[in-house]
Number of protein chains: 2
Amino acid sequence: MGAHSSLTCGMHGANGGMAMEKGQPAEGGVFVGYEDAKGVVHSFPFHGLSSTERERYVSGASMEAAGGNVVKERLIPSRSISRDYRWATDTFSAEGLTCEMVTPFFPLPDPDNSSAAEQRFACCPTLLVKVSFDNTKSAVARRFFFGLSAGDTRWACHATGKASMLTTRDSMGMATLDEVETVIDFTIESAMHRNHATPDFLLGKVAGFVASVPPRSQKSILVAVGFFKEGNATYGRKTRYWYNRYFKDLPDVLRYALKNADRYIAEAHARDLELDQATLSDDQKFLIAHSTRSYWGSTEWLEENGKPRWVVNEGEYLMMNTFDLTVDMLFFEMRFNPWTVRNVLEQFVRDYSYHDRVFDPAKPGKSYPGGISFTHDMGVMNQFSPPERSSYETAGLDRECFSYMTCEQLTNWVCCAGVYYTRTEDRDFLRRQRKVLEACLESLQIRDNPDPRKRTGIMKFESSRTQGGGEITTYDSLDHSLGQARNNIYLASKCWAAYVALDHLFGILGLAERQHAARSSAELCARSIVDGFDEARGFIPAVLEPGNASAIIPAIEGLIFPHEMGLAQVVSPSGPYAKLIHTLRQHLENVLKPGICLYPDGGWKLSSTADNSWMSKIALCQHVARTILKIHNAKRDAKADAAHVRWQIKGSEFHACSDQFRSGVALGSKYYPRIVTTILWMDKKPS
Amino acid sequence: MGAHSSLTCGMHGANGGMAMEKGQPAEGGVFVGYEDAKGVVHSFPFHGLSSTERERYVSGASMEAAGGNVVKERLIPSRSISRDYRWATDTFSAEGLTCEMVTPFFPLPDPDNSSAAEQRFACCPTLLVKVSFDNTKSAVARRFFFGLSAGDTRWACHATGKASMLTTRDSMGMATLDEVETVIDFTIESAMHRNHATPDFLLGKVAGFVASVPPRSQKSILVAVGFFKEGNATYGRKTRYWYNRYFKDLPDVLRYALKNADRYIAEAHARDLELDQATLSDDQKFLIAHSTRSYWGSTEWLEENGKPRWVVNEGEYLMMNTFDLTVDMLFFEMRFNPWTVRNVLEQFVRDYSYHDRVFDPAKPGKSYPGGISFTHDMGVMNQFSPPERSSYETAGLDRECFSYMTCEQLTNWVCCAGVYYTRTEDRDFLRRQRKVLEACLESLQIRDNPDPRKRTGIMKFESSRTQGGGEITTYDSLDHSLGQARNNIYLASKCWAAYVALDHLFGILGLAERQHAARSSAELCARSIVDGFDEARGFIPAVLEPGNASAIIPAIEGLIFPHEMGLAQVVSPSGPYAKLIHTLRQHLENVLKPGICLYPDGGWKLSSTADNSWMSKIALCQHVARTILKIHNAKRDAKADAAHVRWQIKGSEFHACSDQFRSGVALGSKYYPRIVTTILWMDKKPS
């Protein structure tokens, strides 16, 4: 957690293994296998195969040596391998061999009020692997192994007390306290069948531990896998990984991990049990487990001048704290470590907020004082962008990818702050950010219309940062149905949620006038959305402008925020926004149909006019549909979940958990953290 | 120099650009071009093209936009580009555009007796690029540019005083004091024809400077390109780059480079002139210039505990201070900075020497006390190997790749020490290493035969480190003609050179008995080589064992050391080793023929029985042939040089300067430092 590191494996014949700060599967591999009584080495197919090898392997054709050579190596066939993929463990079994990958996670302690011991345990950049081999049926001793390669790097052995240790570049490595032979060679097979006599051949790119299990018995080895980046971690701002406070180097990490292995494993098993006991389908549990790994692998718990700085990297894109991801990962972080939400919100205020002017796109020549907003992100690839700037946003574009997301990021800050406060009751935060909240209200209203008499509650004015262009939303790669910001009902639903949140927060702060203003805008916004309903079509067109006939699911997104703030009345069909709730329910019921917003496989299609559906947003909207709008259709829901699982395990086979899919195939936002909106499903039992 | 960094370009359509510690061309590109009056951007083809693009480009087919699109970009065609490749500058010109890459080099000051200012100037990790555009014939202002990409990394702009500066990951970057627009974008063309309004689009992977030249005039911009690695540089031992003593960060490097640009350019031009004035053919000058760049790009000037540690990396293999390369690069280092030779020799003594036992391969069960020797290398990929161990050598192999090179590395230490002392007269070194020299003599003699009565001067006993196997030579990938150590006449010639060196050094040290012993072994060795001459075949077979009939050129290699030590009598046809000189002359004259040791193209073939010829060794042996053996054949020599140039520029087109060629095509040891044996040609005018 917070080490921006990963160990990826599972796809047969694909490269993977350990990586740091990469945003995609590593270039190495994972080597787990055993030797049979004839000396043949059998291993899981968790490393790169050439395309012909892979074809033969996947097609089930023999991978055994051709051309009359003696068979010395064999890949365990797919059909023999079973996998048990739980929330914090992932276990592969075949032919008496078992490999359990343990990736413990749990709430990260708030650095402001936790002990050094708690923080050390939480930030230790490690995971554990337990490899077992059952030799009970054999009359001879056998060997089994666990090994890793990390792309092109080489390895060193460390004799360090009782542990056997292998590291590469002082930054990645593994250790065990069990009795093993430590090997480095070109491949594990070449180490097992060495033609030379040097166990640690230092030119080898593969390193591992080989254990021997006596006849008629079974044996396990426990391996800690660890990561370590010393010194400066980022550019533009000098930071280091938080774990540098508690660990001096990689051997220190590995020794600690082995010493505390029982506690880590207990945490992992507790998470496994939690998910296991949730009243969810296996497909839903899979999606939660899959997205959770992808999230943690993208996280960076940094220290800057002695203070924590929380960064989540944007999967393959490696943008830092992309705000339109933060707002979706909010629910996951609120469950585990709300302090990271506060930390990111305050980073945005301090370093990545700005003030602009606004203009009416019909009369771009005239501008008006704008207001506060926040950047799209804080940099890319560990390069912090300069203050008040994102790496993503560029000027002069009219509703195209890389334009500004000024209004949406503004709603994101408010919605995050609303959820953060109501779930933590952190009064200090609220007091500290009072002026920001006031500025946010003003800014939201100005983006509706600088002239109060002409307001409709939805965004119609563009930021001067676009230099005469037009803002976009987080759905940057979709058509205008979701990509255009102004008059968009997706953004309108988030503006409404932001006004509702401000209404609530100003109430708590005792700012009656502000509260009234926020509520007025919320009501205006709700009315505009309701009024947008097109009776003939049976839904609200995506953009409230003439000629738009797209149907979009995310019109309902905004409902999640008052719900998560515990404002049950606000989202009640009999509450103050009953009409909005009723209209959105009708909208969704009518669009959630094959040919509109359902794919032929039953998967959800966010927009009727764009073949680019985002898993994170689907999961969020599924939750809104079921929990707030009370739309249930067991068969339709199960079919959708099954489709989404297929999208991930087939459509994103290599890139693990991905967000953007075109007809079920990952096309972008791969190896992505955002899909943890699935955590919403854990909150309540489906009714 | 000493920064293990490179900027590679020149091959059309290939990736390249800046790299650190890579051992091969970088994954980015170099972007140099201009805009014509119609706004079309023309650029040199110094970045990756897809294979189809490349085919079209190389075949001369139009690279202009197909399908009726408006042409906005064009690659300057090969036929228009001229290149002037000198010792320290490399200038490309076409269509009024000129790009001069300035890579200054000069003697590195000895840290023990030079000023901080001298060291700062020498270790500054920078090179300079001057880009000019001639717009004198145009009536409109035009733009031209210089840009770089560094693979997948992103860029940051720095406003720093008068310089415009662009950096990536705080480790690579460029700066100029000239008036330019600083751009970051997906490509330079997209920056020149931006559809947005943000000059520094921080997601862009290409960064550069765009200058404007008024009508009827010309203009140049001078760009400093710099590298910087902060903190720890290596693993296994903690070191940092020497330049960290004098520069605090990359902007500091770039500012200094620009401030001192005139001095750097003057140094580069002085080297250019030096090579230009040498009485050598253009082909020879090219090979010297090409190998020089490859050498410097592999060097690391490190600091460990306040002391310098010199490392040369083994090209694509990245092994550190591979001793059988050190001994070949000796001549280059002796010309420029002899202290690096001393530094490496003393690293070997301190950290990478060992003592073994020896055995007779006919009776491997019985071993005898051996002696001192040195490891093959000191590690790989910046991972220092443990003391007394190389990364390369493994036990239990019988004369195969990755076996031990115990005897050869022993000769290497002695030969390097001999040349170092005689050229520097560094008495302190000689006194400090007296005991090592004594141990080397003893060790050499024992590897001949532990029983003094049975000695022949050549190596016949194997190191116990091979665990019953057999030693190899630096020619590890060749057949036994050069690969087997024992009874090999290549190694014998180096043993002879080592004995001769010891004879000389013990004379200076006044150790008469040792001197006598060394001389006896030298004479024995010379006699064995002479006696090996096969009158029927007309040459000495490579291995002095029954049945061997390979003819090898490197039998003459050892002659270089006494020659470089100034021992003119030793290598004189009328001196004490007249018979040896005479025999080797006859040997070479007879093997240097098509079908034996000449390829059909006239290139040299090191062994008659192996198609794997090494440029570094060819250059060395050419020098021995011409200067010591006085074998001249102007037509044959010119044909050979022309072939070797073709090997490099066609056979190693992508990997720049390489060492191992199979029939003129680079097959290994690519992007390699060792080829600077060409420096020997600079010593004297050919007679």
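The values are calculated or read from the model by the stated rules, or taken from the named source; none is laboratory data. Bear in mind the structure is a predicted one, so any value in this text is a computation, not a measurement. Don't worry about glycine lacking a Cβ; one is built from the backbone with ideal geometry, like all the others, and counts go over all protein chains shown. Remember, those area values only see protein heavy atoms, side chains included, never the ligands or the DNA or RNA. Shrake-Rupley method; radii C 1.70, N 1.55, O 1.52, S 1.80 Å.
Computed quantities for the displayed model
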{"quantity": "A:ALA634-B:LYS650 pseudo-label distance in nm [points 7 Å out on the Cα-to-Cβ vector]", "calculated": "7.6 nm"}
{"quantity": "Percent breakdown of C-alpha pair distances by 10 Å bin, ordered from the shortest bin, for segment A:162-258", "calculated": "15, 36, 29, 14, 4, 1"}
{"quantity": "Fully extended contour minus Cα-Cα distance, from A:GLU535 to A:LYS72, at 0.36 nm per residue", "calculated": "159.6 nm"}
{"quantity": "Value of relative contact order over segment B:461-613, rounded to a whole percent, pairs C-alpha under 8 Å and six or more apart", "calculated": "22 percent"}
{"quantity": "Peptide-level mean, for A:459-470, of C-beta atoms on other protein chains within 10 Å", "calculated": "1"}
{"quantity": "Across the identical copies, how the A:LYS72 labels are spaced - nm, sorted shortest first, 7 Å along Cα→Cβ", "calculated": "5.7"}
{"quantity": "Taking all pairs of distinct alpha-carbon atoms in chain B, Kirkwood radius in angstrom", "calculated": "26.4 Å"}
{"quantity": "Other-chain or far-sequence residues with amide H under 5 Å of A:LYS605's (modelled H)", "calculated": "A:LEU598, A:TYR599"}
{"quantity": "Mean Cβ count within 10 Å, highest first, over the residues of peptides B:241-253, B:375-387", "calculated": "B:375-387, B:241-253"}
{"quantity": "In segment B:112-193, the GluC sites (Glu not before Pro) that fall in loop regions by DSSP, at most 16 other Cβ within 10 Å", "calculated": "B:GLU179"}
{"quantity": "A:GLU400-A:GLN277 FRET efficiency (beta carbon distance; Förster radius 45 Å; 0.05 resolution)", "calculated": "0.45"}
{"quantity": "Shape call, segment B:284-363: gyration tensor on alpha carbons, a/c limit 1.5", "calculated": "oblate"}
{"quantity": "Gyration tensor verdict on segment B:465-590 (Cα atoms; rounded if a/c is under 1.5, prolate if a/b is larger than b/c, oblate otherwise)", "calculated": "oblate"}
{"quantity": "Whole-Hz ³J(HN,Hα) from phi, Karplus 6.51 cos²θ - 1.76 cosθ + 1.60, for segment A:501-509, glycine and proline x", "calculated": "5, 5, 3, 5, 5, 5, x, 5, 6"}
{"quantity": "Between segment B:169-201 and segment B:591-620, the alpha-carbon center distance in angstrom", "calculated": "49 Å"}
{"quantity": "Within the accessible area of segment A:116-200 (1.4 Å probe), percent carbon and sulfur", "calculated": "51 percent"}
{"quantity": "Residue-averaged beta-carbon neighbours from other chains (10 angstrom radius) around A:192-205", "calculated": "6"}
{"quantity": "³J(HN,Hα) computed for each position of segment B:238-247 - Karplus, 6.51 cos²θ - 1.76 cosθ + 1.60, integer Hz, glycine/proline x", "calculated": "8, 9, 9, 5, 3, 5, 4, 5, 10, 10"}
{"quantity": "Calculated label separations, B:GLU442, copies of the chain, 7 Å along the beta-carbon direction, nm", "calculated": "8.8"}
{"quantity": "Chain A: relative contact order as a whole-number percent, Cα under 8 Å and 6+ apart", "calculated": "11 percent"}
{"quantity": "FRET efficiency, 1/(1 + (r/R0)^6) with R0 51 Å, evaluated for B:LYS307 and B:SER217 via beta carbons", "calculated": "0.45"}
{"quantity": "Set A:LYS366/A:LYS460; A:LYS307/A:LYS494; A:LYS22/A:LYS285; B:LYS605/B:LYS650; B:LYS435/B:LYS460 screened for pairs whose C-alpha atoms are more than 20 Å apart", "calculated": "A:LYS307/A:LYS494; A:LYS22/A:LYS285; B:LYS435/B:LYS460"}
{"quantity": "Inter-chain shielding of B:229-238 (mean C-beta neighbours from other protein chains, 10 Å cut-off)", "calculated": "2"}
{"quantity": "Sequence of B:GLU300, A:GLU653 when ordered by accessible area, the most exposed leading, probe 1.4 angstrom", "calculated": "A:GLU653, B:GLU300"}
{"quantity": "Whether segment B:181-312 is rounded, prolate or oblate, judged on the alpha carbon gyration tensor where a/c under 1.5 counts as rounded", "calculated": "oblate"}
{"quantity": "Chain B Cβ-axis minimum, rotational copy A, residue and distance in Å", "calculated": "B:GLY231, 2"}
{"quantity": "Order by protection proxy (mean Cβ within 10 Å, highest first), peptides A:308-317, A:422-431, A:486-495, A:216-225", "calculated": "A:486-495, A:308-317, A:216-225, A:422-431"}
{"quantity": "Per-copy distances of the B:ALA642 label point, shortest first, in nm (7 angstrom along Cα→Cβ)", "calculated": "7.4"}
